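Report on one structure; see the data block that follows.
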Amino acid sequence: MTIMQPQRAKAGTGGRGRPSRRAAGFTLVELMIGIAILALALALGIPSMSAWLQSNQIRNAAESVQNGLQLTKAEAVRRNTGVQFTLSSLTATGAADWSVTCVTPSADCPGAGMTETEIQKYSAMEGAPAARVSAPQATIVFTGMGRVSPAANIAIDITNPNAGTCAASGGNMRCLRVMVSAGGHIRMCDPALPSSNPRGC
């Protein structure tokens, strides 16, 4: 006597040969709702992301200026000679380009007329093309003692016109300042914060 085995339902179908709900996929309504939610999230997120990117350029430029000044001071002390930090685009475009060179170039100290014309240089195109720098002078010289020559307290302001108005002027953009004291102390601060705040100017 032969025993008949019950037939199993085919994969992707219900027990009676109809397609199961799992195999049917998304309905058009579910797909449209998903697209609408995604479009709304993008519309809300793009302006804040753009503001963040523009604000980030201010910080990139400020950090590069601070690092360039610290390098200039360190090289002046190491070489025991005058080394200068130059904001090379200050008078033209205000871009955060800078270079570090020796005040008196020689075979051992890069500068104008030498094979190596600078100790180091930075182009704003590397991370802060929209940032703008303003300073009372384009060149800051450090002596072999690590002091500013001639002695002066210098404030370098970094902004970004594409990002809006600085918080210190009533806007919402966090502009920054790099302070250089006559004694050679270099620090970055926020001009919108009170001087009593450790991060304020």
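Derivation of every value follows stated rules applied to the coordinates shown; laboratory data play no part. Please read all numbers here as calculations on a predicted model, not as lab measurements. Quick reminder, even Gly has a Cβ in these numbers, built from the backbone with ideal geometry, and neighbours come from all protein chains shown.
Numerical summary
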{"item": "Relative contact order, percent, region 24-189 [alpha-carbon distance under 8 Å, six or more residues apart]", "result": "22 percent"}
{"item": "Contact order relative to length of region 134-174, as percent, for alpha carbon pairs under 8 angstrom and 6 or more apart", "result": "29 percent"}
{"item": "Segment Ser134-Trp52, length gained on full extension (0.36 nm per residue, minus Cα span)", "result": "27.3 nm"}
{"item": "Sequence ranges 168-174, 78-84, ranked by mean other-Cβ count within 10 angstrom, highest first", "result": "78-84, 168-174"}
{"item": "Spin-label model distance (nm) - Ile33 vs Met114, 7 Å beyond Cα toward Cβ", "result": "7.0 nm"}
{"item": "Using a Förster distance of 35 Å, the FRET efficiency for Ser196-Thr104 (Cβ separation, nearest 0.05)", "result": "0.25"}
{"item": "Burial order of peptide ranges 147-154, 65-72 (average beta-carbon count within 10 Å, highest first)", "result": "65-72, 147-154"}
